[in-house]
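First comes the structure, then the notes that go with it.
Coordinate-derived values only; no laboratory data. Keep in mind it's a predicted model, so treat the numbers as computed, not measured.
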Ligand SMILES: NC(=O)c1ccc[n+]([C@@H]2O[C@H](COP(=O)([O-])OP(=O)(O)OC[C@H]3O[C@@H](n4cnc5c(N)ncnc54)[C@H](OP(=O)(O)O)[C@@H]3O)[C@@H](O)[C@H]2O)c1
C-alpha cells in the first residue's frame, strides 16, 4: 500500500539553519537555498519544532520575499512532538500527539508559517504510543483531499508501527537515523521493510550529527575514523564522502538528509554519490563500527 515518491539525490536538512545552529539571516538563507537548488537539491526538510518553533517561520520569511522559490522547492515538514517552549505556552509537559485533530492543526500552522499553499510531504515526527491509526488515516486523507499535503509519511517508526499505520493509509517514507555510528536500522528490519515495500528510506544524521569529526578520545570513534580515512585515501576522497558513500551503497536506495549549514560540505556530499565502495569495503567499515568481526 505504501507510496513511492521521488526525492532529490540528497535532502537538505533545515534543523541547524536558525537558532539551533547557524542563525542565518534571511539573505544568507536565500543564498544557501539558491545554491542548493543550483546543485539540483530541491527537497528541504523542516519540522514545526526546529528552532523552538521558529525555523518554519524563518523559511516563510524568505518565501515571502522570494515567492519564485515556491515552485522551485519541495517542502517536507513534521508534526506530533509537543515541546515545552516559550513559543508554545500551552504545552505543560513534553508529549507526543498524533491525534487527527493535532495533525490537522499543526499542518495548517506549518502552511501559514512557511507561507506556502501545500506541503509536499508531511511526517509524523516520532511514534506516539497512543496513536489511533484510523484517526491518523482520516486526518491525512482529509489534508490530501484539501490539497494541503501531497504525501504523508512517518519518522522514527519501528517496523511494526509502520506496518500498522501503512495498512490504514499509504506512507511514503520512514525518516530514520542511520550512519556508521547508528547501524541498528540495518539489523532490526526498518530498512528491509522499506526495501520490501519499494519506498525510499530517508536518513537523518548521516554524519552522526557531526560527532565523528570532532575532538574525541572515544576509542570507538578513533578506530572508526582511522578506517574511514584509510578507505577515503584509497578513493582519493574525504572522510565525509565515505560516510555518504557507505549509506549510498545499500540497495534500498537510502537518501541522506544533510545537516550541514555549509554549501561546500553539501557539494562534497553530493559528489560522494559517485564513489563506489566495494562490498568488502562496506564490511570493513561495518566491522570498524562494531569493533568486532562479523560471525
Ligand atoms: N526525524 C528526526 O527525528 C530528525 C532528527 C534529527 C535531524 N533530522 C533532520 O536531519 C537533518 C540532518 O541531521 P543532522 O544535522 O544531525 O545531520 P549530520 O549531517 O549528521 O550533522 C550535521 C552536523 O555535522 C557537521 N558537519 C557536517 N559535515 C562536517 C564536516 N565535514 N566536518 C565537520 N563537521 C561537519 C555540521 O556542521 P556545519 O554546519 O558546520 O557543516 C552539523 O553541525 C536535520 O537538519 C533535520 O532536517 C531529523
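Which residue fluctuates most in the GNM of the chain (Cα springs below 10 Å): 154, 255, 192?
So, out of 154, 255, 192, the one fluctuating most is 192.
Return one number: the angle in degrees, 0 to 90 and rounded to the nearest 10, between the long axis of the Cα atoms of helix 263-272 and the longest principal axis of the Cα atoms of the chain.
Its long axis makes an angle of about 60 degrees.
If I take every Cα pair under 8 Å that is 6 or more residues apart in segment 1-107, average their sequence separation and divide by the length, what percent do I get for the relative contact order?
Worked out over segment 1-107, it gives 24 percent.
Could you tell me which of rounded, prolate or oblate describes segment 243-295, using a ≥ b ≥ c as the square roots of the eigenvalues of the alpha-carbon gyration tensor, with rounded for a/c under 1.5 and, failing that, prolate when a/b is larger than b/c and oblate otherwise?
Prolate, because a/c is 1.5 or more and a/b exceeds b/c.
Pick from 226, 113, 56: which is most flexible by mean-square fluctuation in a GNM of the chain where alpha carbon atoms under 10 Å apart are linked?
Of the options given, 226 has the highest mean-square fluctuation.
When a/c reaches 1.5 or more, the comparison of a/b and b/c decides; with that in mind, is segment 132-242 rounded, prolate or oblate per its Cα gyration tensor?
prolate
Round to the nearest 10 and give me the degree value, 0 to 90, for the angle of helix 239-248's Cα axis relative to the longest principal axis of the chain.
That works out to roughly 70 degrees.
Taking the chain as the reference, fit the longest principal axis to its C-alpha atoms, fit the long axis of helix 219-234 to the helix C-alpha atoms, and give the angle between the two in degrees, 0 to 90, nearest 10.
Rounded to the nearest ten degrees, it is 70.
Out of all DSSP beta bridges with both ends in the chain, state the antiparallel percent to the nearest 5.
Of all bridge pairs located within the chain, approximately 15 percent are antiparallel.
Once you've got the GNM for the chain with C-alpha springs shorter than 10 Å, pick whichever of 156, 248, 229 has the biggest mean-square fluctuation.
Highest fluctuation among the options: 229.
For segment 53-96, just the Cα set please: Rg and Dmax, both in angstrom.
According to the Cα coordinates of segment 53-96, Rg and Dmax are 13.8, 39 Å.
Looking at the chain from every direction and averaging, what is the projected area of its Cα convex hull in nm²?
The Cα convex hull of the chain, projected and averaged over all directions, gives 15.7 nm².
Could you give me the radius of gyration and the Dmax of segment 177-264, taking only the C-alpha atoms into account and expressing both in angstrom?
Values for segment 177-264 (Cα only, Rg and Dmax): 13.6, 41 Å.
Find the relative contact order for the chain and round it to a whole percent, using C-alpha pairs within less than 8 Å whose residues are 6+ positions apart.
18 percent
Give me the base-10 log of I(q)/I(0) for segment 1-75 at each q in 0.12, 0.19, 0.24 Å⁻¹, Debye formula, one uniform scatterer per Cα, rounded to two decimals.
Each listed q maps to, in turn, -0.32, -0.77, -1.17.
Can you give me the Cα centroid spacing of segment 44-120 and segment 143-219 in angstrom?
20 Å
At 222 nm, what helix-only mean residue ellipticity would the chain give, in deg cm²/dmol to the nearest 500, using -39500 (n - 2.57) for each DSSP H run of four or more?
-12500 deg cm²/dmol
With the Cα gyration tensor of segment 32-146 in hand, convert its eigenvalues to equivalent ellipsoid semi-axes via √(5λ) and list them largest first in whole Å.
Ellipsoid half-lengths, sorted descending, are 26, 17, 12 Å.
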